[in-house]
Amino acid sequence: ESKGVPAEITIDLAGTYTVQTVAVRLNPAPIWEARTQTFAILTSTDGKTFTPAVPDTNYEFTPDTGNLVRVDFSPTQASHVRLVFTTKSSARSNGAQAAEICIFE
């Protein structure tokens, strides 16, 4: 969890892959209220220059779906994937949240 938004996290894939899906999971406990987070997904082949793969989009996280959001996009070569969080709706904290981030080919 970040201290606030905007916030970003960059994942180094330790190699270059064709990626096309990012899954973000919050704490899956059913006591967590539903919330919206807005984030963009960017990719890079050098870790320095990032290109948007998915623009800023609102995503609904709900306990009914295990607080999991799956984002599919056009396959792209990447060695780094960055998520840039710009808003979130939960009043319990000010920061962006992600308990698990999975990146798939």
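The values are calculated or read from the model by the stated rules, or taken from the named source; none is laboratory data. Everything numeric in this text was worked out from a predicted model, so none of it was measured. Cβ sites come from the backbone with ideal geometry, for glycine too, and all protein chains shown count toward neighbours. Side chains included, ligands, DNA and RNA excluded: accessible areas come from the protein's heavy atoms. Shrake-Rupley method; radii C 1.70, N 1.55, O 1.52, S 1.80 Å.
Under the rule a/c < 1.5 gives rounded, and otherwise a/b versus b/c splits prolate from oblate, where does the stretch 54-105 land using the Cα gyration tensor? Cα axes put the stretch 54-105 in the prolate bin.
For the chain, what is the charge dipole size about the Cα centre, in debye to the nearest 20, if Lys and Arg each add +1 at the Cβ and Asp and Glu each add -1 at the Cβ? Before the final figure, lay out the partial values.
Details: 8 positive and 11 negative charges, 47 e Å.
Computed charge dipole of the chain: roughly 220 debye.
Under the criterion of Cα pairs below 8 Å and six or more residues apart, the relative contact order for the chain equals 47 percent.
Roll a 1.4 angstrom probe over the protein heavy atoms and tell me the percent of accessible area of the stretch 27-105 that is carbon or sulfur.
Numbers: 2210 of 4290 Å².
It is 52 percent, rounded to a whole number.
The residue list Ala96, Thr18, Leu83 was ranked by how far each Cα lies along the charge dipole of the chain toward its positive end, using unit charges on Cβ atoms, and Ala96 comes out on top. A 1.4 Å probe run over the protein chains yields, for the chain, 55 Å² of accessible area per residue, whole-number rounding. Note that the stretch 1-86 shows a convex hull volume over its alpha carbon atoms of 98 Å³ per residue.
Using C-alpha pairs under 8 Å with a sequence gap of at least 6, the mean separation divided by the residue count of the stretch 24-82 gives a relative contact order of 44 percent. Measuring only protein heavy atoms, the 1.4 Å probe finds Thr45 accessible over about 90 Å².
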